[in-house]
Every structure is written in structure tokens, then in C-alpha cells.
Amino acid sequence: MKVPPEFTEAAVKANSPLEQQLYSDFIRCGEPWKSIFANNPWLVPPDTRKPLEWGNGMYWDTTVARKHPYWKDRDLPVPTKDIHRMRADLREWGFCLVEEGLSEAQCTTFRERLQAQAEGERLAGVQMPTPSGQYINSLINKGECFAGCIEQNPEAVQAGPLIEQLMDETLGKGWICHSFLSNGADPGGYPQGLHIDQGPLLPFQTREAPVLANTMFIPQDVDDENGSTLLIPGSHAILAEAGSGGEVGKLPPAINLEAKAGTLLIFDGRLLHGTGANRTDQQRFVATMSNVAAWTRQQENWIMTVAPDVLEGASPKLLHRMGLQALTYGGTIEGFGLGAPGRKGDAYGSLREFRQASDRGEYVRVRELSAESTPEELERDYTIKSAHARVRQQRQSRS
Ligand SMILES: [Fe+2]
């Protein structure tokens, strides 16, 4: 095949030196990490091939705020039920603590299910080890209490309505669940490198608000001994101030989170944080639920993950949270959902029947068609056709 010489791979490469490329210098700038590590060498993650070092002032070698010489006299977030205090804490420090976000009974159910699942996954050989500890992924399929938390159903998480309000204010209405998984800190594990959860967006940085917000469920007491989450209070504002591709100077020290079982930690997607090092002989579990704007590609590929029976019984709200309610900029299947507003319960954009057809082995996709196609090809029971028919039917029955 003869192609114009300008289109050949060699010519394109020869005409694309780095200094002429459009935005590569920005995309590849390595910020904010380059300046963070240069100005704060104590934030370099540990080498997991070597024993963890203590006594050198590294970020994991810290304590809870009330015992920390730098932080103990500052007005850091404390567990509260007051939404006004939570807003102020989120603005100033990038996190807040919801006191008794899970009731005692909800907390017990949550913790026992996690611990039992962790053991079951080890016995089945499907556990996911990480340098910090055992992860339990895709909680949606591993207990009704977890689905209830994704819906922020007060039956599963008594502070649900308050969390929804704070998420609405942060991410805009229509936000969905990015993932819900449990992060274990195992005895002798390594701390995670401190990171921000909206890291995939870097080097773009959002100044005005985060684009991801995290709710951490804390089903057992956590402190500086058992691998409690490390975080740098206020780092969200420092990173926001640095802006896209901007440099970050010296950062304040990290602390270990201190919280009682049943507390929820809500934090900004720009806050530097990570799992701590567990120095006890017991596993420590927390579970993190990230939420994002409705058009974002999710961490969990829910449409594949969710178990058939969970899918069958899912409420319109749960389907929406899992991203199974397509809208113009997210989740469409064969164009189904283009132009849809993505509201929960809308027939147009509801993806459940595509997945269910696939489960039955009956999903028929539209392939190459033309006037020469056979009558059989033209009359096939295309899934998109029945999906549109269902929408029409629902609209007619409404009018
Ligand atoms: Fe994280």
C-alpha cells in the first residue's frame, strides 16, 4: 500500500522532537511529585525489599495529632455530628470525621462481615495481598450491608443522608461510586506511599473543589499502632494552590488518624494520605468508598463485577451509583443513553438489561449491515432494539 510519505511512522517520528510537541512538556512535567520529593525527602516511600526503617523522621514514623509536637495545639478535625463543623474541617483541613456514622449494630455487622470475608478469601486462595496488607475488593458482592452503604441507606449507615448532602455539595448532584473496597493493614506491613486519590488527573489540578471525594468506613478503633491512615492535614489546599503543573514546597508533617469504631472519615480527593504501618499482631481493616462525577471512568468496572442476583435486586439508586445509568458523557452501550440526563430510574440509559442479556448469552450486537444483508440478519432480535422498544413503551404508558 502506497501512503503519502508524511504519514509514515518514520516521518511522523522525525517531525516530532519533544520541544515541538504540543503539550508534552506539561503532561510529562512530573509535578507535583517532583517538587514534593525534592523539598520533602521524608515523603519518599519505603523500599519494600528492605526492612522498614524507624527513627529517621520518615512520614510513617509519626503519631496521632494530639501527641504530635507540630499538630497538638492546632484545631484539627475531631469526630462530630455537626455538619457545619464538618464543612469547616473539609475546607480548612481537607477531611472531617463523622462521629458514630455507623451505629453500634451497623458497625458490628460491617466489621464481622469484613473479617469473615478476609478469612474466606484467604482460604479460597483469592485474597489480594499488597505490601500494606490484604485488600478485599468489590464489596458490592460480599454482603448486603455494603450495597446499603453505596446507597447511603440509613439502614446500613446511619449518617447516610448527611454524607449524601456533603457529596452533592462537593461533586454536584448525580455523582456515582468510583469503587468500594477494604484496605487491610497487616502486622508488619509497609506503609503506602502518600498519594492523592484524584491522582490520575495529574498534572491537572483542580483549584476550586476536588473531583473525587472519599468516605472511609472505620469499623474498628484505629491509632498510631495498628496502621491507621496517614495524612497531611491541609495538604489539599497546598496542592490546590500550586495548581496544574505547579511546584509544592515544604509540607507539614503527617499524622496517624485516630478514631473510634463507627467513625467515618470523609476526605478531599486532593489530600495526601496513605495506609500506615501496622505494629500490632492483629489485622486492621477500613473500607474506602470513592465517589466521582457521573461521567468519570470508574475504578471498579461494576457492569462486569456485580453479581446477577445483586443486579436483579438492585434499586434504581444502587444501579445509578454503580454507573449502570448511562448519560451522554458516560457509560453508553451501542449509543443507548446518548442524550440521556442520567437520572436514577430513567428507562433511557438503564444498562441492566444489556448485562442481563449478556448473562443469558443472548446479547445481540449490531454488526456490519447493508442493503445486501440477509432478511435473517436484518430481523435479528438486536438487544438495542428491544431496549429502545422498552423505553418507548414506558413513555407511552406515562402519557
Ligand atoms: Fe487513597
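List of remarks:
- Backbone amide hydrogens, once placed in the peptide plane, bring residue 128 within less than 5 Å of 135, excluding anything fewer than 5 places away on its chain.
- Within the full protein context, the accessible area of residue 66 is estimated at about 150 Å² for a probe radius of 1.4 Å.
- Area of residue 312 that stays accessible when all protein chains are in place (1.4 Å probe, Å², to 10): 120 Å²
- FRET E, pair residue 356, residue 128, Förster distance 22 Å, beta-carbon r, rounded to 0.05: 0.20
- A Förster radius of 25 Å, combined with the Cβ-Cβ distance separating residue 309 from residue 87, puts the computed FRET efficiency at roughly 0.05.
- Net lengthening on full extension, residue 14/residue 72 (0.36 nm per residue, minus Cα-Cα): 15.1 nm
- Directionally averaged shadow of the chain, computed from the convex hull of its alpha-carbon atoms, nm²: 26.8 nm²
- The stretch 183-258 and the stretch 327-367: distance between their alpha carbon centers, rounded to Å: 35 Å
- Counting protein heavy atoms only, the chain has 51 percent of its accessible area on carbon and sulfur, 1.4 angstrom probe.
- Backbone N atoms of the stretch 213-232 closer than 17 Å to the 7 Å Cα→Cβ label point of residue 108 belong to residues 219-221.
- Cut-off 15 Å between beta-carbons: net charge of the residues surrounding residue 250, Lys and Arg +1, Asp and Glu -1: -1
- Point-to-point label distance, residue 116-residue 366, nm (Cα→Cβ direction, 7 Å offset): 4.7 nm
- What you get for the chain, charging only the Cβ of Lys and Arg (+1) and of Asp and Glu (-1), is a dipole of about 500 debye around the Cα centre.
- Considering helices alone, the calculated mean residue ellipticity of the chain at 222 nm is -8000 deg cm²/dmol, with DSSP H runs of length four and up weighted by -39500 (n - 2.57) and normalised per residue.
- In sequence order, the stretch 106-120 has phi-based couplings of 4, 5, 5, 4, 4, 5, 5, 5, 4, 5, 5, 5, 4, 5, x Hz under the Karplus curve 6.51 cos²θ - 1.76 cosθ + 1.60, θ = phi - 60°, and Gly or Pro positions carry x.
- Whole-angstrom gap from the stretch 44-101 to the stretch 144-167, using each part's C-alpha centre: 24 Å
- Here the translational diffusion coefficient of the stretch 65-292 follows from Stokes-Einstein with Rh set to the Kirkwood radius across Cα pairs; for 20 °C and 1.002 mPa s it amounts to 121 µm²/s.
- Solvent-accessible area per residue, Å², over the chain with all protein chains present [probe radius 1.4 Å]: 52 Å²
- Each distinct pair of alpha carbons in the stretch 9-59 adds a 1/r term; the inverse of their mean, the Kirkwood radius, is 14.4 Å.
- With respect to the chain, whose longest principal axis is taken over its alpha-carbon atoms, helix 160-171 is tilted by about 80°.
- Stretch gain in nm, segment residue 50-residue 24, where the contour uses 0.36 nm per residue and the Cα spacing is subtracted: 5.8 nm
The values are calculated or read from the model by the stated rules, or taken from the named source; none is laboratory data. Note that the structure is predicted; figures quoted are calculated from it, not measured. Virtual Cβ from ideal backbone geometry, glycine too; neighbours counted across all protein chains shown. These accessible areas exclude ligands, DNA and RNA; they are computed on the full protein's heavy atoms, side chains included. Shrake-Rupley method; radii C 1.70, N 1.55, O 1.52, S 1.80 Å.
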